[in-house]
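The values are calculated or read from the model by the stated rules, or taken from the named source; none is laboratory data. Computed from a prediction, not measured in an experiment: that's the story for all the values here. Quick reminder, even Gly has a Cβ in these numbers, built from the backbone with ideal geometry, and neighbours come from all protein chains shown. Only protein heavy atoms, including side chains, enter the accessible area calculation; ligands, DNA and RNA are left aside. Shrake-Rupley method; radii C 1.70, N 1.55, O 1.52, S 1.80 Å.
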Amino acid sequence: MRTQKPLAALTALLVALLAMMAPAAAAAAGAAAEKPALVLEQRRVTMKDGTAVAVCLAKPPGAHRGQRFPVLFTTDAYAGPCGYFGRAWYEDFVRAGYVVAYKHVRGTGDSDGIFPDKEYSDHELDDAVEMIGWLARQPWSTGRVGMFGTSWSGFNSMMVAARRPPALRAIVVNVGTDNIYHEDARFPSGIFHMDDYIMSADVMLLTPPQGRDPFDETLLRQRFDQPPWSLTYLRQQRDGEFWRRSLRRDQDPRAGEVPTMMIGAWHDPYRDAVLRALERSSGPVRAVIGPWNHSTEFPGPSAELGRAALEWWDHFLKGEKNGVLDRPQVYAYMRRPYAPIITRAMIPGEWRAIDRWRDAPIEPRRWALNADGSIGAEAGTAGDHRLRMVASTGVAAGLGWIDVAPDQRAGDATALVYESAPFTSELQILGQPVAQLSTAIDGRRANWFVKLSDVAPDGTTTLITGGALNGAHRESSTDPTMMEPGKRYTLSVPLLATSWIFQPGHRLRISVANALFPAYWPSAEPVTMTLGVGQGGSTVTLPVIAPQSAAAAAQAASAMGSRNLTVAEAEDAATGASTYTWNGPVRSGYTRDDIASTTTVSRGYQWQSPDGEDVSVEFTVDDDDPARSSFVGRASVKSAWQGQQVEWRGTTEVRSDATAFEYRHFRQLLRDGKVVREREWKERVPRDHQ
């Protein structure tokens with residue numbers, strides 16, 4: 001999700017989208033008045049197959065002929081202008097004595113070639129390896145190259161590192177993941193997902209940058225006429241080589257050899273990748289996990305991430321003995337309870353330093369879900385609870401464990417809910433909770449969703465984290481199998497990694513349901529779930545960590561160039577919105593038709609400007625017949641060319657029944673309001689254990 005992946009994602013759209021260009025450009029313009037201008041050079045480099053790709057080189061101010069610098073490389077398909085690298089603090093890399101190279105993926109932006117057949121294609125990764133070699137050979141290069149990026153470019157940084165190009169010495173990954181199938185926007189937890197980013201990418205990524213003729217016939221054949229990714233991915237509903245790309249650290253030991261710095265966020269869907277890097281890498285790893293969403297900036301407090309990354313680069317690319325490997329391996333922001341307002345600007349909590357993650361004093365503590373609706377250290381009398389699936393459950397959880405979510409009470413009304421007694425002292429958790437569900441269904445297919453929330457004394461319920469499982473994938477996502485009606489299964493549902501400090505008087509809540517709409521496409525059968533509780537029944541295991549001293553928290557905050565916030569300070573802060581992700585300026589709507597038993601959720605916004613791009617999506621589900629669900633998304637991108645008004649339009653429709661997805665994508669190019677080219681793709685794609 002670029003995030004989203006975007007949403008994936010929606011992450012991706014989470015995840016660095018076109019929307020990021022405007023604020024980054026504005027920040028750069030303000031800085032230019034105070035700092036010497038970067039030396040920018042636009043180059044075209046021919047790959048070994050003859051395709052020319054565009055790369056922007058930013059050199060340190062005052063660089064003289066013959067001077068050599070280490071090189072930092074990033075690449076994506078968002079086609080930002082020369083001098084744009086995705087985050088304002090990336091400019092610090094150039095000013096600190098690095099050449100920064102930003103390449104447009106072939107077939108996008110100013111690069112030649114056919115539009116890629118998917119994200120992270122073979123061409124994309126091969127070109128990146130070849131470009132690293134080219135950068136290492138340049139007369140202004142020391143031959144040492146680092147790779148970095150946010151979302152897309154963070155993803156491919158890990159993929160390229162797994163290929164071990166000789167000149168690549170280290171990487172910095174900002175909100176990315178190494179598990180594309182389970183954590184990105186298309187099939188999170190093995191369940192089909194649609195969102196704003198997924199459909200808009202089929203339009204926005206095709207558009208050429210300013211200065212190129214949008215009506216050029218060759219360009220149109222290579223981009224406009226290429227199949228939509230949303231259809232390509234819909235055909236790949238189970239895990240396998242299409243998704244893995246020899247990347248995952250649990251599949252390929254070499255994937256974690258290159259020194260890696262991971263930057264994650266507790267309100268971003270890719271945060272589990274940070275823990276995997278810490279636990280499974282054979283090379284040096286450092287990590288920072290803050291309170292942010294996919295922006296790694298909002299909500300606050302912010303941190304000096306640029307400084308932390310530069311220390312990493314200076315050690316591995318300049319050879320400086322700066323002690324970066326002797327410092328704590330992890331800096332994590334421990335969140336405290338806050339009012340669930342999606343536009344809140346600050347998250348209360350404190351920074352925590354951990355010397356070595358594998359030695360962290362984290363104790364798994366198991367809690368039983370009991371027949372009286374309680375959660376306790378001791379399991380009560382065995383029993384069963386039953387829940388008829390309500391397909392529209394989950395609107396309050398948002399688009400999938402991303403951003404600050406609203407109060408969860410409304411969504412939990414159609415779930416099985418369990419709560420602890422009020423805490424009498426602080427309880428801190430850091431890591432990945434896991435739910436073990438003793439469960440059965442009266443059908444053959446279902447999904448399970450588990451939410452972990454904090455309940456304040458006044459009943460306000462704040463989502464901490466959650467997890468999902470496609471029941472058909474309980475043993476394998478490469479070879480899913482249907483379930484046997486009535487058979488009792490023990491299902492492990494890992495929740496996304498999290499941090500939290502429960503306060504005295506607050507309670508722990510676990511909710512369990514078979515739907516989380518619209519974040520996940522509903523399963524086709526309106527099943528009734530049986531959940532075993534009490535003795536021998538369902539449990540949740542929390543990663544409990546002992547509290548730290550106030551002095552240690554203050555020291556950790558200082559090391560990150562950040563601050564710790566009390567609950568009162570965070571609640572007094574003004575509200576705001578992130579322009580990088582899903583809680584920015586949004587048009588939203590919710591409609592419930594009790595007669596038809598349907599629920600419709602709509603969203604819409606402009607990524608960059610009201611006159612430039614517009615995106616709108618609509619999700620509909622039928623509680624009586626969840627097989628009949630639908631998604632309709634529309635995107636448009638406007639520009640000008642030689643006095644002519646240019647507009648790209650795309651409409652994506654996905655409608656399901658019990659056995660298949662009916663897919664349609666309709667694409668148009670308009671000149672002065674008149675259609676000059678259009679293409680349509682329609683296909684009935686069988687549901688593969690969805």
Query - 28 Å Cα-Cα reach of Lys318 towards lysines, excluding residues that sit fewer than 8 places from it in its own chain - result: Lys35, Lys59, Lys103
Query raised in the report: How big is the gap, in Å, between the Cα center of region 51-126 and the Cα center of region 197-212?
Result: 18
**Report entry** Computed magnitude of the charge dipole of region 105-219 (debye, nearest 20; Cβ of K, R +1, Cβ of D, E -1)
**Finding:** 760
Query - Global geometry of the chain, whether rounded, prolate or oblate, following the gyration tensor of its Cα atoms and the 1.5 cut on a/c - result: oblate
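Please get the size of the charge dipole for the chain, origin at its Cα centre, with Cβ charges of +1 on Lys and Arg and -1 on Asp and Glu, quoted in debye to the nearest 20. Write down the numbers at each step before the final one.
Working: 75 positive and 80 negative charges, 317 e Å.
In debye, rounded to 20, the chain gives about 1520.
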Requested in this report: Whole Å is fine, so just give me how far the alpha carbon centre of region 498-559 lies from that of region 294-366.
Outcome: 21
Report task. Work from the charge dipole of the chain (Cβ charges, +1 for Lys and Arg, -1 for Asp and Glu, about the Cα centre) and give the residue of Pro457, Ala277, Leu205 farthest towards its positive end. Result -> Ala277
Report task. Using packing as a proxy for protection, rank 630-642, 533-545, 94-106 so that the peptide with the highest average count of other Cβ atoms within 10 Å comes first. Result -> 94-106, 533-545, 630-642
Query - region 194-287: C-alpha gyration tensor shape, a/c 1.5 cut-off, then a/b vs b/c - result: prolate
Requested in this report: Calculate what fraction, in whole %, of the accessible area of the chain sits on carbon and sulfur atoms when a 1.4 Å probe is rolled over the protein chains.
Outcome: 49
Report summary line: Along region 522-539, Karplus-curve 3J(HN,Hα) (6.51, -1.76, 1.60; θ = phi - 60°) to the nearest Hz, with x for Gly and Pro, reads x, 5, 6, 9, x, 6, 10, 9, 10, 10, x, 10, x, 4, x, x, 6, 9
Report summary line: Along the dipole axis of the chain (charges at Cβ: +1 for Lys and Arg, -1 for Asp and Glu; origin at the Cα centre), the most positive-end residue among Ala660, Tyr333, Ala635 is Tyr333
Report summary line: Using alpha carbon centers only, region 130-183 is separated from region 396-430 by a whole-angstrom value of 37
